[in-house]
Amino acid sequence: MRLNRLLQMATALVAVFAFVGCDEDYTEIGGEIINNPTDVELVELEVDAYSQKINSIQTNNLNNYFLGVNTHPVYGSNTASMVTQLVLSEQDPEFGDNAVLDSVVMTIPYFSTEQAAGNDQNEIEYKLDSIFGDGSFKLSVYETGFFINTLDPNSDFQNSQRYFSDQQSQIEQNIIGQPLYVNDNFQASSAGYVNYEPGEGGEVNDTVAYEPALRVKLPTDYFQEKIIDQEGTDVLLNNGNFTNYLRSLFIKAEDNASEGQQILLDYANENSTISLYYTYEEEREDDDGNTETVSLRGKYDLNLFSANRFNTYTGEFPADLLAKIQSQDLETGAENLYLKSQEGSMAVIDIFPDDEILEDLRDNNWLVNEANLTFYVDRDELNGAEEPDRLYLYNVENNTIVVDYNLDPTINESDPAQSRTIFSVPLERDEDENGIYYKMRITAHVASILNGDTENVKLGVVIPGDLNNPNFSVVRGIEGVERVPRTTLAIPYGTVLHGDESEDEEKRLKLRIYYTDY
């Protein structure tokens, strides 16, 4: 391919500046800056891009976790379950004389927004956020003998232990006894709830209103024996002993042949607990000096919010789709790019696959006004699926964000949906809200490559949940990919994009560089 066949002159400056995010912010190449260029040209370059299936991704010690079943019209069904330790809220607890459990409740808050308030705290209305699907799923809770380490014994306990999304079979092999809870048709409720918490001295109840949460009752006889009756023993002396005694719970989701529902849980919320409500006896003297036995109420929490935990995922892509992904490689490029968040799939792109062309470009004295990748949605392949609003691009070889991510001035910490909109332009939609294309601006990254300051590296593309999260998670079993942005674990969406070998030449993935040649 000859470089001169790739060049296209812009017909008008106005049209060019429609592509350029900021008409005064230009990247320097060659040591000089042109503040008001009069000649802006465009070069379109072929790239190589292909898809990669993600079969194993690190999921431990996140703030938020998915639970439930999600069905996608392209990528099929996937099921998210959880494994969690329990943490003593008070070590070596004292429950009082003759303590007997009344009830045990596991609570994990949802994300919700208050909509309206009635005359009292019982009438507050909420809207659930991060709930995907209108169906239900089977929910079960088991005790397991699977121990969740904090530190990795294979590193002489110097590094943190990693747990991965594909470890569910190991958990199920360690299940102990019968399930502690089963609901064949669990569905999230938007109703808040009221707790009657034991007050001071255990004699009165305080009424406390809470936002919506996953709340299930667990068997009192199990926790009576497992916790209350162990008062004063070594197993409750400290959390080290306790986590070896009651190693973990498996909160398992299964398909129940409904539409399914997947819930993002606010697991780091301090109200994520297993609460034990009990009565106990205490001898007291009355005003006449007589001793009497009184019954009092108590509460003890096993904390979930501070415990080690991780997500597991089950479910496979449809066989024909998996075959398409596995047949792609960097040398031939791909007709389509398949992106699915969570334990899904990603794209890998080489923006300068031809070394000779790259060297020709470096010989020019160009000021890069803008460089972008435009990803067109393949609507014929998407089957009406709900589309993600953003894409996320990173340096897949060094596991770092690209410089344009940090240079984007539109950072919005309070509203990630409106953050970094120059670097990652939100999905352009038509009048029917169908997606047309995404645009990723990598102006500074490309300028640095052409200036010789940065090596040409492969770039990874994933679907993000929060563009303000710059952290990464380890993946296993993908050649050339060691980590992916952690934010891809925060949303269950998927999309299909035109690749660099698309039959529709107008929608092929290309690198576009708008430049001034001086």
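The values are calculated or read from the model by the stated rules, or taken from the named source; none is laboratory data. Everything numeric in this text was worked out from a predicted model, so none of it was measured. Counting neighbours? That spans all protein chains shown, and the Cβs are built from the backbone with ideal geometry, glycine included.
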Strands (runs of 3 or more DSSP E) within segment 328-433 that include 2 or more residues of a type outside the set (Phe, Trp, Tyr) and within 19 Å of residue 465 (Cβ to Cβ): 336-340, 345-350, 424-429
Condition check for residue 460: in the same structural domain as residue 422 (by TED's automatic domain parsing) and buried (at least 20 other Cβ atoms within 10 Å of the Cβ): yes
Residue 474 vs. criteria surrounded by fewer than 23 Cβ atoms within 10 Å (Cβ to Cβ) and closer than 12 Å to residue 393 by Cβ: no
Subset of segment 374-389 (residues that are within 24 Å of the chain's Cα centre (by Cα) and free of Cβ contacts under 8 Å to residues at least 12 places away in the same chain): none
Boolean, residue 321 is outside the structural domain of residue 243 (by TED's automatic domain parsing) and not basic (Lys, Arg): yes
Close pairs (8 angstrom Cβ cut-off, 6 or more residues apart or separate chains): under 16 Å from residue 61 (Cα atoms) in segment 474-489, among the acidic types (Asp, Glu) anywhere: 474/482; 475/482; 487/466
Among the candidates 391, 407, 361, residue that is touching a Pro at 6+ places or on another chain (Cβ under 9 Å) and of a type in the set (A, V, I, L, M): 391
Out of 55, 98, 64, sole residue that is polar (S, T, N, Q) and over 30 Å from residue 245 (Cα atoms): 55
Qualifying positions in segment 207-247 - in contact with a Gly (Cβ under 7 Å, 6 or more places away or on another chain) and closer than 21 Å to residue 100 by Cβ: none
Members of segment 451-473 that are of a type in the set (D, E, K, R), within 21 Å of residue 47 (Cβ to Cβ) and touching a residue at least 12 places away in the same chain (Cβ under 8 Å): 458
Exclusive hit being among the β-branched types (Val, Ile, Thr) and at pLDDT below 95, set 235, 204, 182: 204
Some residue of segment 113-123 being modelled with pLDDT of 95 or more and either surrounded by fewer than 21 Cβ atoms within 10 Å (Cβ to Cβ) or touching a Ser or Thr at 6+ places or on another chain (Cβ under 8 Å) (or both): no
